[in-house]
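To keep things clear, I will list the structure first and then write my remarks on it.
Read-outs: derived from the displayed coordinates by stated rules, not from any lab. Computed from a predicted structure; not experimentally measured. Here Cβ is always computed from backbone atoms with ideal geometry, including for glycine, and neighbour counts include all displayed protein chains.
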Amino acid sequence: MNYYAAPMEGLTDRIWRQAHQRWFGAPEAPVRYYAPFLSPPENRVLIKKKMAELEPAANPGVQVIPQLLAKDGELAAWMIGELRRMGYTEVNLNFGCPSGTVTAKGKGSGMLRDPQKLDAFLDAVFSQAGGPVSVKTRLGVARAEEFGEILNVYNKYPLCELTIHPRVMKQLYRGQADREAFAAYLSACTAPVCYNGDVTTVDDLRALEAAFPGLSGIMVGRGLIADPALLRKAVGGPAASREELRGYHDELYHGYTEAFGMASCAVSRMKAHWFYLIHLFDGADALEKPLRKAREGWEYETVVNQIFACWPK
Ligand SMILES: Cc1cc2nc3c(=O)[nH]c(=O)nc-3n(C[C@H](O)[C@H](O)[C@H](O)COP(=O)(O)O)c2cc1C
């Protein structure tokens, strides 16, 4: 089974991808990392700071797949060309993001409102951009049954892979991924299918592999931030040790401090990781509040040392 790290804005940036691969990568079964979405600029002038995330020099030794969030197929095709010039092959299209600011512009899962527009978008992409293009999608806007019509559109195009997160837009991240609906549509998908949603343990992975042996991959998001060794364990490797987690944490924190130019910005980024990661540490729940309140580097570092003192679980 192929395992993929899900794109997560504010979490799975270049600094995380490097630290994750260094500390928890399994060399015999490398994970593919989907980068958080980029929106192609309407004036077709690439924004240096955004593109820096994808510069090959900033992502050595890591397999990265860029993702686009767009609603104009011609613009997306142009951007795919730019990414190919940078050396990327596969480019992923985001039809899953449920954030109100994104869907209000008709992007992300907002694209699922109108299958005809989705069709026109994909037609422009596939007629103007060569090479492998994959899609990451939700099932629909309000009801899983919408996926029948949406899938008819996807099936018209040679997607190299279709990643399905079986929630609908209106659900945001509430409730559970609808694995029954996923199962119901799976055999009708012509592209290779990757499953995504609510995988947090090796047992979950095994259960999915047993239930859906024909999957091309399983993508894990929050579960991998919560337990960075999850996919290493899935291929027979060890659980995370305290030393590894400390090394991983320090690499992230120092990497963000250098990238953002000040510890307080790094603290804010690190809190997004700790929101998930803290549950690996036994009895650290009481430290969630002081962690949330920490602003300065020294405050943050004090709480983090206390969290690490809670190990082992
Ligand atoms: C903070 C956050 C940021 C995300 N950013 C992206 C993104 O940039 N692109 C995308 O396709 N999905 C994004 N997602 C959705 C995840 O890729 C994934 O589909 C979702 O979290 C379900 O998988 P999981 O249960 O394994 O986390 C994001 C999710 C979260 C929680």
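The range 175-189 to the range 78-96: how many Å between their Cα centroids?
Cα centroid of the range 175-189 versus Cα centroid of the range 78-96: 27 Å apart.
Of all trypsin sites (Lys or Arg not before Pro) in the range 142-251, which ones are in loop regions per DSSP and have a Cβ with at most 11 other Cβ atoms within 10 Å?
Values: sites: ARG143, LYS156, ARG167, LYS170, ARG174, ARG179, ARG206, ARG222, ARG232, LYS233, ARG242, ARG246; in loops: ARG143, LYS156, ARG167, ARG174.
In loop regions of the range 142-251 (DSSP not H, G, I, E or B), the sparsely surrounded trypsin sites (Lys or Arg not before Pro) are ARG143, ARG174.
What is the angle, in °, between the Cα long axis of helix 115-128 and the longest principal axis of the Cα atoms in the chain? Nearest 10 is fine, range 0 to 90.
The two axes meet at around 90 degrees.
HN-Hα J couplings of the range 277-293 from phi, Karplus 6.51/-1.76/1.60, θ = phi - 60°, integer Hz, Gly and Pro as x?
Here the 3J(HN,Hα) series is 5, 4, 6, 7, 9, 5, x, 8, 4, 5, 8, 4, 5, x, 5, 4, 7 Hz.
Are there chymotrypsin sites (Phe, Trp or Tyr not before Pro) in the range 76-175 that DSSP marks as loop and that have at most 15 other Cβ atoms within 10 Å, and which are they?
Details: sites: TRP78, TYR88, PHE95, PHE121, PHE126, PHE147, TYR154, TYR173; in loops: TYR88, TYR173.
Loop-located and lightly packed - TYR173.
Work out, step by step, the length gained on full extension between PHE212 and ASP285: first 0.36 nm times the residue separation, then minus their alpha carbon distance; give nm to one decimal.
22.7 nm
MET86 label point, 7 Å along Cα→Cβ, cut-off 13 Å on backbone N: hits in the range 272-287?
Correct set: none at all.
Got the relative contact order for the chain handy, in percent, Cα pairs under 8 Å and 6 or more residues apart?
Details: 517 pairs, mean separation 49.0, N = 313.
It rounds to 16 percent for the chain.
Ranked by Cβ crowding within 10 angstrom, fewest neighbours first, how are TYR33, TYR4 ordered?
Fewest to most other Cβ atoms nearby, the residues stand as TYR33, TYR4.
Taking θ = phi - 60°, what integer Hz values does the Karplus form 6.51 cos²θ - 1.76 cosθ + 1.60 yield along the range 81-90, in sequence order, with x for Gly and Pro?
x, 5, 5, 5, 4, 7, x, 7, 9, 5
At what distance in nm do the modelled label points of ALA120 and ALA259 sit from each other, each positioned 7 Å from its Cα along Cα→Cβ?
3.7 nm
Relative to the longest principal Cα axis of the chain, at what angle does helix 14-24 sit, 0 to 90 degrees, rounded to 10?
Compared with the principal axis, the helix lies near 70 degrees.
Using amide H atoms built in the peptide plane, which far-off residues or other-chain residues are under 5 Å from ARG167 H to H?
LEU139, ASP178
I'd like the orientation of helix 297-309 relative to the chain: the angle between its Cα long axis and the longest Cα principal axis, in ° from 0 to 90, rounded to 10.
80 degrees
So if R0 is 25 Å, what FRET efficiency would PHE275 and ARG113 give, r being the distance between their Cβ atoms, rounded to the nearest 0.05?
Given R0 = 25 Å and the Cβ-Cβ separation, E is 0.25.
Between the range 219-275 and the range 40-66, how far is it from one alpha carbon centroid to the other, in angstrom?
Taking the Cα centre of each part, the range 219-275 and the range 40-66 sit 21 Å apart.
With the cut-off at 23 Å, tell me which of the pairs LYS49/LYS136; LYS107/LYS156; LYS71/LYS136; LYS50/LYS71; LYS233/LYS293 have Cα atoms farther apart than that.
From the list (LYS49/LYS136; LYS107/LYS156; LYS71/LYS136; LYS50/LYS71; LYS233/LYS293), the Cα-Cα distance tops 23 Å for LYS49/LYS136; LYS233/LYS293.
Arrange ASP227, ASP13 by Cβ neighbour counts within 10 Å, fewest through most, would you?
Ordered by Cβ neighbours within 10 Å, fewest first: ASP13, ASP227.
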